[in-house]
Amino acid sequence: ALAKTSQRAFQLRGVNGAWFGRSLSLTSPKLVGRGAGSDVRLDGAGVQDRHAQIDIEETRVVVRTLSPSALVRVNGHAVRFAVLAQGDQIELGEQRFVLEAPGLGTGGDGGSTPVPSRRDTSTPMTA
């Protein structure tokens, strides 16, 4: 399953800010943050040094926060962890990306974001 997954062309495409129009290939785990060791460097309000990790786990693309104060939104919902589907929008600080994952499908529930098992209750869920 891993070899099959690594051949897929998963990528994040920036839809605003400094990453607008740029794509990031997801062929390996990506550390996202403002720190020098980040694979994806983001500046801007609300971005931590080690903000989030994006992984490919077998046939799933997942995003998880790495800091208690890091905010990640998937399709407008604040999450600590989420399984992503084709077309999902991921917000990290003020930067927004869309997942382009041909063949991944739109999720088992018709494309809406999976409800995380544990929501971040310290941050109001405002749009």
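The values are calculated or read from the model by the stated rules, or taken from the named source; none is laboratory data. Here the structure is a predicted model, which is why all the values come from computation and not from measurement. Cβ atoms come from the backbone with ideal geometry, glycine included; neighbour counts cover every protein chain shown. The accessibility values were calculated without ligands, DNA or RNA, using every heavy atom of the protein model including side chains. Shrake-Rupley method; radii C 1.70, N 1.55, O 1.52, S 1.80 Å.
Quick notes
- For the stretch 7-36, the candidate set comprises residues that are of a type in the set (D, E, K, R) and part of a strand (DSSP E or B); within that set, the residue that is most open to solvent (accessible area, probe 1.4 Å) is Arg13.
- Matching residues in the stretch 40-64 - criterion: being under 16 Å from Glu94 (Cβ atoms) and part of a strand (DSSP E or B): Val40, Arg41, Ala52
- Subset of the stretch 53-85 (residues that are farther than 22 Å from Gly103 by Cα, touching a Leu at 6+ places or on another chain (Cβ under 7 Å) and in contact (Cβ under 8 Å) with a residue 40 or more places away in the chain): Ala78
- In the set (1) in contact with a Leu (Cβ under 9 Å, 6 or more places away or on another chain); (2) open to solvent by less than 50 Å² (accessible area, probe 1.4 Å), Asp39 fails one condition alone, (2).
- Every residue from the stretch 60-82 that is among the hydrophobic types (A, V, I, L, M, F, W, C), more than 14 Å from Arg34 (Cβ to Cβ) and surrounded by fewer than 18 Cβ atoms within 10 Å (Cβ to Cβ): Val62, Phe81
- Looking only at the stretch 43-59, and only at residues there that are open to solvent by less than 50 Å² (accessible area, probe 1.4 Å) and farther than 20 Å from Phe10 by Cα, the one that is modelled with the lowest pLDDT: Gly44
- Scanning the stretch 60-83 for residues being touching a Pro at 6+ places or on another chain (Cβ under 9 Å) and modelled with pLDDT under 95 gives a total of 0.
- Search result, residues across the stretch 83-96 that are among the hydrophobic types (A, V, I, L, M, F, W, C) and over 8 Å from the mean Cα position of the chain (by Cα): Val83, Ala85
- Meets criteria (open to solvent by 30 Å² or more (accessible area, probe 1.4 Å) and modelled with pLDDT of 95 or more) for Gln86: no
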